[in-house]
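These notes are about the structure you will find just below.
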Amino acid sequence: MNKSSHDLDREPVIVVGGGPAGVYAALELRKLGFQGIVTLISEESRNPYERPRLSKYVGPDALIDISSKQEFDEQQINLMLSERVASIDREQGRVLLSSGRVMPYSKLLIATGAEARKVRFPGYSGKDILYLRDHEDAKKIEGVIEGGGSIALIGGGFIGLELASLARKHGVEVTIVESANGILARGVPPSVAAIAHREHILRGVKIKTGVTITNIERSDRFIISLSNGTELTVDAVIAGVGSAPRVSIAQECGLEVDNGICVDARLRTSDEAIFAAGDCCSIRSSLPGVPNRRFESWRIAQEQGVLAARNILGETPAYDVLPWFWSDQFDFTIQVVGVHTGKGMLVERPISDLATMYIELDHASRMVAASAIGPISKIGKEMRLAEKLIRAGLAVEREEIANPSVRMMDMLRR
């Protein structure tokens, strides 16, 4: 880094949000040699932790810190827990905390993440329906799972399927209610969704698709009325119907918002002193087939946090978003890289008897997305190579990509 990149030295940088984007940004500032005050503000009362584990484990195994309290102290990062930013004063360059404290900033990073979308039904407030976004939510769900009984999961997306897997491992009866005609309707090809559907059915999960919930009554148990005229009676209801970006503080201070806080390829908002990263921001991309959109992914949040730190310090790297996501369910994993548009040619590539990859090619035979399902030991290496081929923008032969005896490494070398 050249000397001009340190013009901010000794001036305060505030990071709002204790998820991966915020934490990695704060750590990267120190790694790059920034000597000024770094403050990381988190609404939660405990040290920042890895959220993806919450839908995959219960008990102590569900909590792993992103970074230890000791590392924050060693890096002289001022970690403020149980604090919330109430408002941003852009003109004066300061934030007002809910505690009444006012803190100045020279640069500000908003990494507030997303929140669960709530469901409502006529005649029922929904106050006893559970959601999963943070550790407190996970503890409530943990109590339900350890109590046995039965649950209904509203939504057949990744969170719903992971929770179904977790609950079945603990002997809980699980019914998934999905309004679309199939589970995983967005994000993966129908072939991957069909395999996941089959695997869940084999393990005792009941899946009802193409139906909606018309009413819920709550007494000792939940009585759920479905649009096909049937009823479910369960001990608990968990909703996983997507998320909404947490943008209120950005919106209230006048930043541009459109399905997230709008940022350019350098994660700058409409205010040059304010950046945004992670699930709360909507970023443009120069990669073919990847539209301007919001990406919810642990790895993207981490990468964006690092990039935001570099741009805060005066570097100008741009970010080409290539979505990457994984989901662990029972003894198999789903991995997705890129964005399946449904408009290209889908090619099946067998990996083993237990694993399959589906690759989408555009009109020029370039790989734009790949999804794989199977044991992680079988699909991990293949997906890393697929990611490299997508980034390289190379045209591939359909016959070769469908032939597992033709190595993707050789395609890259050619």
Could you grab me the full set of residues in region 8-42 that are in a helix (DSSP H, G or I) and open to solvent by less than 10 Å² (accessible area, probe 1.4 Å)?
Ala21, Gly22, Val23, Ala25, Ala26, Leu29
State the number of residues belonging to region 101-143 that are over 16 Å from Arg246 (Cα atoms), β-branched (Val, Ile, Thr), open to solvent by less than 40 Å² (accessible area, probe 1.4 Å) and modelled with pLDDT of 95 or more.
2
Residues that are touching a Leu at 6+ places or on another chain (Cβ under 9 Å) and surrounded by fewer than 20 Cβ atoms within 10 Å (Cβ to Cβ), drawn from region 156-188:
Thr175
Please work out if Asp73 is within 24 Å of the chain's Cα centre (by Cα), open to solvent by 50 Å² or more (accessible area, probe 1.4 Å) and more than 23 Å from Cys253 (Cα to Cα).
no
Can you confirm whether Thr316 is in contact with a Pro (Cβ under 7 Å, 6 or more places away or on another chain) and either open to solvent by 20 Å² or more (accessible area, probe 1.4 Å) or of a type outside the set (A, V, I, L, M, F, W, C) (or both)?
no
Taking region 374-408 as the region of interest, how many residues are open to solvent by less than 60 Å² (accessible area, probe 1.4 Å) and part of a helix (DSSP H, G or I)?
13
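The values are calculated or read from the model by the stated rules, or taken from the named source; none is laboratory data. Source: prediction; values computed, not measured. Neighbour counts run over all protein chains shown; Cβ positions are idealised from the backbone, glycine included. Each accessible area value is taken on the protein alone, full model and side chains, heavy atoms only, with ligands, DNA and RNA left out. Shrake-Rupley method; radii C 1.70, N 1.55, O 1.52, S 1.80 Å.
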